[in-house]
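Below is one structure, written out as structure tokens; comments come after it.
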Amino acid sequence: MEKKSRDFLMQLLKVPSPSGNEIAYQKVWKEEVGKFAEIESDEAGNVIGILNRKAPFRVLLSGHADEISMTVTRVDENGFIRFTRSGGINPQVLAGLRVKVYGFAGTLNGVIGFKLDRSKEPEAKLDIDDYFIDCGAKSAKEINKMVRVGDYILYQGEPEILLNDRIVSKALDDKTGSFMIAEILRRLSRRKLQVAVYGCSSTGEETNMRGAYFAGARIKPNLAIALDVTFNTDSPGEEAQNRAEVKIGAGPVLSLGSAVNSKLNEFIEKTAKKNKIKLQLELTPDRTSTDADKIHFSGEGVPVALVSLPVRYMHSPVELASLNDIEAIVSLMVETIASLTGKESFKPI
Ligand SMILES: [Zn+2]
């Protein structure tokens, strides 16, 4: 990956984008993508980069900008902040984490407090209500000056590069997807295209998928591909067993199952083979639980595919993925879209 692109990914990973307030992040994305694509936005907060708009065949790419977060529910009399989740925060990983509270009147650093001795209840599974945030305050008054109900709280989880070009950060889900869309648009802007490309940095996926629906319903694409992250099977306790194997660093993961279009999948597989890009497969038998589902059911129905980045420790502050996989997904999507003539039919029969 070029240094400039890597720097942009690092920048995106540091900008807050809780599901429901992605504005700061979307502005950064728009600024960069506006250098090589036409830009549109909508009432859901999506930002869309467009190439070759005049072509009648429209391709929509979607990667979500929003990250899972916590939301303030109340401040207790001692100044501890209680919270609920917006998106799939896993209570089992919360104890002792550092967080940032994005208050209406300023940002506070804090930690997720916990009881030291849980030995009397070894089997008890922790729930979100068992936790509180400690910002060092002595009283509720101190906190209430800066924080109110509904303010967002995010993990602190600055990106770092580990061995073998592996990256660790919070919110690789799915800022890597929205980053890849920017990269794909950048590279396609230098290619000759026979289709129109709409690259959407979408909003709200972790909570209600509003962005994907707005984009699909308005753009009415002839086909759509969602770029998201998926679960690995190559770390202790996550062995494949009855799942298809998904390894970090082993390439893009193509989803199979009822929700995705088999002819579109065939087209992607052929492109991968031609360009010597190794693919992994996973099964999403009923639905994909990504933007692809919402776009699929927008308008008169849209043929969709899902291409995923393998990620370890999903929805924690230390999501781990391979920069080589990111690069491979970008290449696969660039070649797939550049080889579309706009005359393809995705009717299976
Ligand atoms: Zn996601």
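The values are calculated or read from the model by the stated rules, or taken from the named source; none is laboratory data. All values reported here derive from a predicted model rather than from experimental measurement. Cβ atoms come from the backbone with ideal geometry, glycine included; neighbour counts cover every protein chain shown. Note: accessible area is taken over every heavy atom of the protein model, side chains too, but ligands, DNA and RNA are not part of it. Shrake-Rupley method; radii C 1.70, N 1.55, O 1.52, S 1.80 Å.
A few points about this structure:
- Matching residues, the stretch 276-306, being more than 12 Å from the ligand (Cβ to nearest atom), in a loop (DSSP other than H, G, I, E, B) and not charged (D, E, K, R): Ile277, Leu279, Thr284, Pro285, Phe297, Ser298, Gly299, Gly301, Val302, Pro303
- Scanning the stretch 174-197 for residues that are over 18 Å from Thr341 (Cβ atoms), of a type outside the set (Lys, Arg) and away from the ligand (no atom under 16 Å from the Cβ) turns up Ala182, Glu183, Ile184, Leu185, Ser189.
- The stretch 207-220: number of residues that are within 16 Å of the ligand (Cβ to nearest atom) and either in contact with a strand residue (DSSP E or B) (Cβ under 7 Å, 6 or more places away or on another chain) or among the polar types (S, T, N, Q) (or both): 5
- Leading residue by the ranking (farthest from Gln11 (Cα to Cα)) among those in the stretch 69-82 that are in contact with a strand residue (DSSP E or B) (Cβ under 7 Å, 6 or more places away or on another chain) and open to solvent by 10 Å² or more (accessible area, probe 1.4 Å): Asp76
- Restricting attention to the stretch 59-78 and to residues that are within 16 Å of the ligand (Cβ to nearest atom) and of a type outside the set (Gly, Ala, Ser), the residue that is nearest to the chain's Cα centre (by Cα) turns out to be His64.
- Yes/no for Arg148 being under 19 Å from Trp29 (Cα atoms), open to solvent by 50 Å² or more (accessible area, probe 1.4 Å), at pLDDT 95 or above and out of contact with any strand residue (DSSP E or B) (no Cβ under 6 Å at 6 or more places or on another chain): no
- Some residue of the stretch 307-323 being of a type in the set (Gly, Ala, Ser), open to solvent by 50 Å² or more (accessible area, probe 1.4 Å) and either away from the ligand (no atom under 16 Å from the Cβ) or not in a strand (DSSP E or B) (or both): no
- Condition broken by Val246, with the remaining ones in (1) on the phi < 0 side of the Ramachandran plot; (2) exposed (fewer than 14 other Cβ atoms within 10 Å of the Cβ) satisfied: (2)
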